Structures are given as C-alpha cells and as structure tokens.
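Quick notes on the structure that follows.
None of the figures in this text is laboratory data; all of them are computed from the coordinates on show. Nothing here was measured: the structure is a model prediction, and the numbers come from that model. Quick reminder, even Gly has a Cβ in these numbers, built from the backbone with ideal geometry, and neighbours come from all protein chains shown.
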Amino acid sequence: MQTFVHRLAIVGAIAGCIVTAVSAGAIAQGTESAANPVPDYPSGPPPLQLSDAQRAQIRAAVNQENTDVNDDIKKLKSPADPAVGAKLAKGLQAHPLPRPLIYEVPVLKEYTYLKYQDQILIVNSITQEIVEIIPQK
C-alpha cells in the first residue's frame with residue numbers, strides 16, 4: 001500500500017509539472033491575454049491619438065534639440081509633401097524622442113521624430129511611416 005501511495009504521489013507531481021510547463025508555454029506565446037499584460041505589436045505600436053497638450057509637449061521638447069534636416073539632404077531626398085501614412089524618404093534619419101518627453105508621454109516610446117520643413121514628423125520606428133505631423137511653431 002505504501003508503494004502505491006508513493007507511486008501515486010510521483011505521478012501527481014509529474015502531472016503538475018506538465019500542466020505548469022504547458023501553461024508557461026502558452027503565456028510565453030501570448031495566447032493567454034489575461035496572463036500576458038504586454039501586448040504584441042508585430043507591425044509596430046498602435047496608432048497615436050495625441051491631445052493638443054501632448055502635441056505642445058512634443059513641440060517644446062523637440063524644438064530644444066539640434067536635429068534639423070541638413071539643407072543638402074532636403075534638396076536631394078525631400079518628398080513633395082510629407083503626409084500621414086507615407087514612408088520616410090530614404091536617406092532621412094529619424095531621431096529618438098527626448099527621454100524626458102518619453103517619461104511624460106510613455107505612448108511615444110516606440111516612435112521617433114524628424115524636424116522637416118517647419119514640421120515635426122512623428123515616425124513609427126518599425127515601419128518608418130509618418131504617423132503624426134505637428135507644426136514646429
């Protein structure tokens with residue numbers, strides 16, 4: 001009888017380990033949304049929905065940065081008019097947003113920016129698409 005109880009305990013422990021391993025695998029793959037609080041963004045972050053106050057914060061933070069596009073690059077690589085949804089022209093390099101701004105507006109963490117033609121272009125860092133255009137002044 002004691003051997004039977006011992007074997008039953010071992011089988012129960014093995015079954016518990018298997019259930020735990022399967023659950024951990026499902027969580028790691030993101031199949032359990034309640035257990036996986038970090039969203040998966042395969043094509044980049046969700047669309048920005050900025051308030052006027054957030055746009056003003058971006059303008060104030062970015063205008064302090066010395067990251068204007070060089071005039072030579074403007075002539076060679078400039079798209080006619082940057083537009084939301086358009087890809088950033090080849091040769092133009094977006095910059096990380098200032099860290100203090102990211103602390104104030106965490107949703108901007110996955111975005112970059114480019115000052116271009118008196119505008120601030122907010123760019124999806126993964127797809128290089130322009131997602132927001134803010135007047136620089």
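Listing for the model above:
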quantity	calculated
Cα principal axis extents for the range 52-135, largest first, Å	35, 24, 20
Neighbour-count order for T127, T112, fewest beta carbons within 10 angstrom listed first	T127, T112
Residues S125, S51, sorted so that the one with the fewest Cβ neighbours within 10 Å comes first	S51, S125
